[in-house]
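Data block below; observations after.
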Amino acid sequence: MYQQIAANKAKSVFTIIFFVLFIGVVGFFIGLLFDYRYGIGSYFSIIILVIAFVIALIASFTSYYYSDKIVLQISKAHPIDMETDIRVNYTVEGLSIAAGIPMPRIYIIEENGMNAFATGRNPQNGVIVLTRGIISNLNDEELKGVISHELSHIKNYDILLGTVVVIFVGMLSIASNIILRSFLFGGGRRRSNDRSGGGGILALVMLVIGLVLIILSPIIGSMIRMAISRNREYLADSSGALISRYPAGLANALRKISVYSGVESASSATSHMFIADPLTKKNKPLLANLFSTHPPIEERIRRLDEMSLGVGINK
């Protein structure tokens, strides 16, 4: 169990480092392209990235501090009724103590689909959202597994990490857009004799590679974001099993959830937050599987099966 948690954390750190290096490479090529077109030096790439970062930071600041309210409203969730859902309240309270974090607020989505998600920028502002279907169809051990998974997201600051990654992707998208508009609608180029010489062919190749990389950078950035999200799901599975001390509970819950995880109020903007893909056929975008933020449930069950040594897993 501890080895699985360490491996998942290492993968997340490696992916983030790669993301930062990728942004640096894109910045380098932005400098080359601006120097080629305007002759103002590659240092201009730093200015472009700083501008992109500031814009993305401002845009993300609001969503970071108000994301829980926005998501709860979009999902049509309401606060738990202590009298009718006392089982859920006691389960969350006990597992929060085991996880060593303040008890999060609990919200319910009145839908039959089986799903759940966590939001809140830190453990002090955590929120757990459960559908009516997941409460009604899971036994106590399975419900503990799901709630422990969501508590792990809160404890591991996954909402904060997700916000930082969104800022990075926003930087790439904005910088890419600025570059493309500049080349399509910008002014004149440097004089041709400034680019002459033995290194002309190599410079041209570098420029072509850089332009292609800048065009594709928003897509590549999004794919890296998906990879980080999938790794954090594996981490939440592992650390959640550590909280509940019963990996089979979450594994069995995921098997049930896979039958029907659809949530009508979910959208492509909020789907990555859920424990399983909540998108139904009518609200699933094109190429959703290619850019999936969720790892395959079968693989998640297999890993939990290994952690539990096969004990308690329903086949």
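Look at LEU211 and say whether it is assigned to a loop (DSSP other than H, G, I, E, B) and modelled with pLDDT under 90.
Working: assigned to a loop (DSSP other than H, G, I, E, B): no; modelled with pLDDT under 90: yes.
No.
Please go through region 225-279 and pick out each residue that is over 21 Å from SER308 (Cα atoms) and over 15 Å from the mean Cα position of the chain (by Cα).
Within region 225-279, VAL259, TYR260, SER261, GLY262, VAL263, GLU264, SER265, ALA266, LEU279 qualify.
Could you tell me which numbered condition ALA236 fails, if it satisfies all but one of (1) buried (at least 22 other Cβ atoms within 10 Å of the Cβ); (2) modelled with pLDDT under 90?
Going through the list (1) buried (at least 22 other Cβ atoms within 10 Å of the Cβ); (2) modelled with pLDDT under 90, ALA236 breaks only (2).
Can you pull out the residues in region 246-268 that are β-branched (Val, Ile, Thr) and assigned to a helix (DSSP H, G or I)? Full working, then the answer.
Keep residues of region 246-268 that are β-branched (Val, Ile, Thr), which gives 257, 259, 263.
Result: ILE257, single match.
Any chance you could count how many residues in region 256-271 are under 13 Å from GLY113 (Cα atoms) and without any contact (Cβ under 8 Å) to a residue 60 or more places away in the chain? It would help to see each step written out before you state the result.
Within region 256-271, the first condition is being under 13 Å from GLY113 (Cα atoms), and the residues that meet it are 256-266.
Now restrict to residues that are without any contact (Cβ under 8 Å) to a residue 60 or more places away in the chain: 258.
Within region 256-271, residues that are under 13 Å from GLY113 (Cα atoms) and without any contact (Cβ under 8 Å) to a residue 60 or more places away in the chain number 1.
Run LYS144 past the list (1) farther than 22 Å from SER271 by Cβ; (2) among the basic types (Lys, Arg); (3) in contact with an Asp or Glu (Cβ under 9 Å, 6 or more places away or on another chain) and report the number of the one that doesn't hold.
(3)
Tally up the residues in region 76-124 that are without any contact (Cβ under 8 Å) to a residue 40 or more places away in the chain, within 15 Å of GLU150 (Cα to Cα) and not charged (D, E, K, R), please.
Going through region 76-124 one residue at a time, the tally reaches 11.
Would you mind telling me which numbered condition in (1) touching a helix residue (DSSP H, G or I) at 6+ places or on another chain (Cβ under 6 Å); (2) modelled with pLDDT under 90; (3) assigned to a helix (DSSP H, G or I) MET226 fails?
(1)
The values are calculated or read from the model by the stated rules, or taken from the named source; none is laboratory data. Because the structure is predicted, anything quoted here is derived from the model rather than measured. So basically every Cβ, Gly included, is an ideal-geometry build from the backbone, and we count neighbours across all protein chains shown.
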